[in-house]
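Worksheet: the structure to be examined is printed underneath.
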Amino acid sequence: MVVKRNNILSLIGNGRYHSCILTTFSFDFYFFEMKIMKWLRSCGVRNVNVFIDGYFYSELMQEATGYEMKLSTGYSLYPVFEKEIFHPKIWLLFGGKEGLLIVGSGNLTNSGNGGNDEIWGAYHFDVTQPQYAPVFSAAWDYISQITNAAKGIINEKTTHWITEYSQWLMELPKVREFQFVNLSNNENIAFLYNTKYSTIWQQINQLIGNEKIIEITAVSPYYDKHGKALEVIRSTFPNAQINVILDDRGLIPSLLPNDNKYTFYDWKKMDVCKDIGEKQLSRLHAKILYFKTQKNIEYCLFGSANITPAGLGISSNPNAEASIFIKSNEEELLNRIGVKLKASGQKKLSQFDINNGTSAEKKIVTNNSFIIKLLSAEINFSTLTLYTSMGFDTPIHVAMYGGDNKLLKKETLNSLHVQQDIKLDIEENKLRYIQIQKADNTFLSNKIMVSNYLSTTKTHPNPKDAELEKLCGQLQNGELQNVLDLLPYAIIDESEKEEGASILNSSKNKINEGEIKKDVNQTKLVDL
């Protein structure tokens, strides 16, 4: 396993991928559109889909400005509501014969892609070198659970659109959930995530088995106040030396009992912590749980799960999380990642500053818990279609807002269906946001952005569409030598003929039939 510092955007090669699915808890419109979308577009990725925690999306919409999706359009943003929070951070890119899987700790924000100290695992798949095929199979199975449950056009975009032009997905080997797959003589890997029936913590215990653990190192920006997750780890492996790395700018286990059983380290004293300017040090956001056995075998969990009951799945209501679990016979894995435990970095728990605030996640969930979860709102010509988590049998109002976030009108419905069509009598381009209200005007649902069905279909990963978009861009830039290349795209479908004539069959546009028929379709951990 190669370990180095890198920017994950630099791993996305030009012209190699046509679609992507990204998951995140938090999201920054400006950063995503100015940096990530521009990069993806420049690399030829047309079909861009983001699955975001539904509660955080609701929080963003409370502060809607009208500038969302203005700097870079053409991507889909879909809320995922869980009992707790939707917290995985996955990038999955799809090409005709290859794919890229990136699993880590960073959100789709500026700090998550540069400002914070994050950890990522990147795995490239190629049909001619299918070493990582089992890992892709496990990740695709997980992502498919999310995409298959999505409503509206994003379901089509993240299922049929992708598999149609990435046929290798259908040929991936079937793998058992939460099992190691062998990558080399020295390394095995498993893709772990929380479910109703099995949690990351249970999966870790099953994979470690009866190995004698002598050392454990926990790295996390957030711990639960009473250290319940740490106490479960200690009771499960009572003979292990437990090292706990803390950044008191996050949340620390300030009320941890038996704190003398642990050795604590300050992240700001670690060599990997970097100066980011204005007398500030980078913040810890990487999540790592490392185990070492008596036989010098190493296990390392990294990804989205904090060292909390909800993160690891020790509690009854775990978060939605995704992590990579590695088993390695190579020594000094932590050191190679950059986490070096030095005596100079040791501190007593009582010496850390205590942040008494409630976690941002809990506040966001509390502030955005509505009876009805509004999942998608799509305009197709003059019809607005709403997709919701449940129906409602009494009269409701559908509040429609413009780009300035001011109310345009309210549509009254006697009842609400989970898929509800509404005929619009306002201009489509003026409608930006939707929210459902009771008859007494109290809010029943979260607010959501309205997407345009026809505009979304333009992001289809069909290579012909991509070539047409490229040619149009060249013409806009004055490259007129390519104008003749547009002729094959001018053929009108038979169903569009008017009075039996198409454009190319009209007397003014006769060209050679043979020309018309011409075929125009001529691993590593990074960024810690």
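The values are calculated or read from the model by the stated rules, or taken from the named source; none is laboratory data. All of these numbers come straight from a predicted model, not from anything done at the bench. Every residue, glycine among them, receives a Cβ derived from its backbone with ideal geometry; neighbour counts consider all protein chains shown. Surface accessibility is based on the protein's heavy atoms, side chains included, excluding ligands, DNA and RNA. Shrake-Rupley method; radii C 1.70, N 1.55, O 1.52, S 1.80 Å.
Of the residues in segment 381-393, how many are over 24 Å from the mean Cα position of the chain (by Cα) and either open to solvent by 70 Å² or more (accessible area, probe 1.4 Å) or of a type outside the set (S, T, Y) (or both)?
6
None of K89, K83, K174 is basic (K, R) and modelled with pLDDT of 95 or more except K89.
Here G313 passes the criteria (1) among the small types (G, A, S); (2) under 28 Å from the mean Cα position of the chain (by Cα); (3) modelled with pLDDT under 90 except the one numbered (3).
Among the residues of segment 95-130, just one is touching a helix residue (DSSP H, G or I) at 6+ places or on another chain (Cβ under 7 Å), open to solvent by 40 Å² or more (accessible area, probe 1.4 Å) and closer than 18 Å to F29 by Cα, namely N110. Within segment 67-76, identify whether any single residue is closer than 23 Å to S220 by Cβ, surrounded by fewer than 22 Cβ atoms within 10 Å (Cβ to Cβ) and among the hydrophobic types (A, V, I, L, M, F, W, C), and answer yes or no. No, that holds for no residue. Test of understanding: among E378, E411, E361, which residue is more than 24 Å from F51 (Cβ to Cβ) and open to solvent by less than 80 Å² (accessible area, probe 1.4 Å)? Exactly one residue qualifies, and that residue is E411.
Output yes when any residue across segment 35-50 is more than 27 Å from I371 (Cβ to Cβ) and touching a Gly at 6+ places or on another chain (Cβ under 6 Å), and no when none is. Looking for residues that are more than 27 Å from I371 (Cβ to Cβ) and touching a Gly at 6+ places or on another chain (Cβ under 6 Å), one finds at least one in segment 35-50, hence yes.
Counting only strands (runs of 3 or more DSSP E) that fall entirely inside segment 319-433 and contain at least 3 residues that are closer than 30 Å to L92 by Cα and touching an Asp or Glu at 6+ places or on another chain (Cβ under 9 Å), the qualifying elements are 322-328, 383-388. Taken over segment 267-308, residues that are in a strand (DSSP E or B) and either closer than 24 Å to S323 by Cβ or at pLDDT 95 or above (or both) amount to 14.
Results for (1) more than 30 Å from C300 (Cα to Cα); (2) part of a strand (DSSP E or B); (3) in contact with an Asp or Glu (Cβ under 6 Å, 6 or more places away or on another chain); (4) open to solvent by less than 60 Å² (accessible area, probe 1.4 Å), shown as yes or no for each residue.
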site	(1), (2), (3), (4)
S10	no, no, no, no
G15	yes, no, no, no
T23	no, yes, no, yes
K35	yes, no, no, no
W39	yes, no, no, no
